[in-house]
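Participant: One structure coming up, written as structure tokens, with questions to follow.
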Amino acid sequence: PCLDVLAMGDAKAVLLAQEGTLGVLKAGGVDTSRVVVYGCPVPRSSEPWLLVCIDDTCVQAEVTKEEARSSRAGADSALGARVMTAFREQGVEPKPSKVQWEKVDAVLLGTEILGEECRVAAPRRVVGQLMLLSTFLLGRPVFTKEVAESFLGSWVWPLMHRRDVMCVLDRLYAAARA
């Protein structure tokens, strides 16, 4: 399709990868008007959403519990099949471990979604590991500035799911830099 390797250190690498993914989808006839855009409201309708994050693509729909429990394929399945076909037509085979169909609970684009519980957050496994690391590091008498910055930086992604707690991390990071 385009490049075999993209230097992720390049300032435009993420943009190019994401635009390349959208280009593959458009070339495959996928309607990209339903793409969820960062910083914008989620499109309001019963149609499934299309999420593109760098080179990952996700089709997601909001359904009732009854619809989720039924074995009937919905519009999200049809859109997902079009997405898979578009990639395959361009010679891109999805990684089998990343392909998920008809899931109520899943980790998508680095976010854990527990549909039955109506919970969307950082994956519990990641938060648990960071909590364990925090317990270990906070038991040390002294942090270097570099260790404190790196440690606090590792909490950014999980706390992006909780903006109120992210404000606390921002103040801790400022204190570590002082």
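Participant: What is the percent of Cα-Cα separations in the stretch 139-178 that go past 11 Å? Mind dumping the intermediate values first?
Facilitator: Numbers: 485 of 780 pairs.
Roughly 62 percent, rounded to a whole number.
Participant: While we're looking at this one, here's another question. For K103, what accessible surface area do you get with a 1.4 Å probe? Give it in Å², rounded to 10.
Facilitator: 120 Å²
Participant: Net charge near D31: determine it from the other residues with C-beta under 10 Å of the C-beta of D31, scoring Lys and Arg +1 and Asp and Glu -1. Before the final figure, lay out each step's value.
Facilitator: Numbers: positive: K26, R34, R82; negative: E47.
Result for the local shell: +2.
Participant: Taking R0 as 45 Å, what's the FRET efficiency between S71 and A174 from their Cβ-Cβ distance, rounded to 0.05? Numbers along the way, then the final one.
Facilitator: Working: r = 52 Å, r/R0 = 1.16.
Between S71 and A174 the formula returns 0.30.
Participant: Under a point spin-label approximation (7 Å from Cα along Cα-to-Cβ), what is the D31-Q100 distance to one decimal in nm?
Facilitator: 2.5 nm
Participant: At a 1.4 Å probe radius, which order do S70, S46 fall into by accessible area, largest first? Let's see the in-between values first.
Facilitator: On the way: S70 45, S46 105 Å².
Most to least solvent-accessible, the answer reads S46, S70.
Participant: Right, another one. What does the extension gain come out to for S46 and E19, with contour length at 0.36 nm per residue minus their alpha carbon separation? Present the calculation step by step, with values, prior to reporting the outcome.
Facilitator: Values: separation 27, 0.36 × 27 = 9.72 nm, distance 2.59 nm.
Additional length available on full extension: 7.1 nm.
Participant: Same structure again: How big is the accessible area of V24 in square angstrom, nearest 10, if you roll a 1.4 angstrom probe over the protein chains?
Facilitator: Looks like 20 Å² after rounding.
Participant: What label, among (1) -0.31; (2) -0.53; (3) -0.44, belongs to log10 I(q)/I(0) by the Debye sum over Cα atoms at q = 0.09 Å⁻¹ computed from the structure on display?
Facilitator: After the calculation, the listed value that fits is (3).
Participant: Could you tell me the accessible area of D55 in Å² (1.4 Å probe, neighbours in place), rounded to the nearest ten?
Facilitator: Spelled out: D55, probe radius 1.4 Å, area about 100 Å².
The values are calculated or read from the model by the stated rules, or taken from the named source; none is laboratory data. These numbers were taken from a predicted model, which means no experiment stands behind them. Counting neighbours? That spans all protein chains shown, and the Cβs are built from the backbone with ideal geometry, glycine included. What goes into the accessible areas is simple: the full protein's heavy atoms, side chains included, and nothing from ligands, DNA or RNA. Shrake-Rupley method; radii C 1.70, N 1.55, O 1.52, S 1.80 Å.
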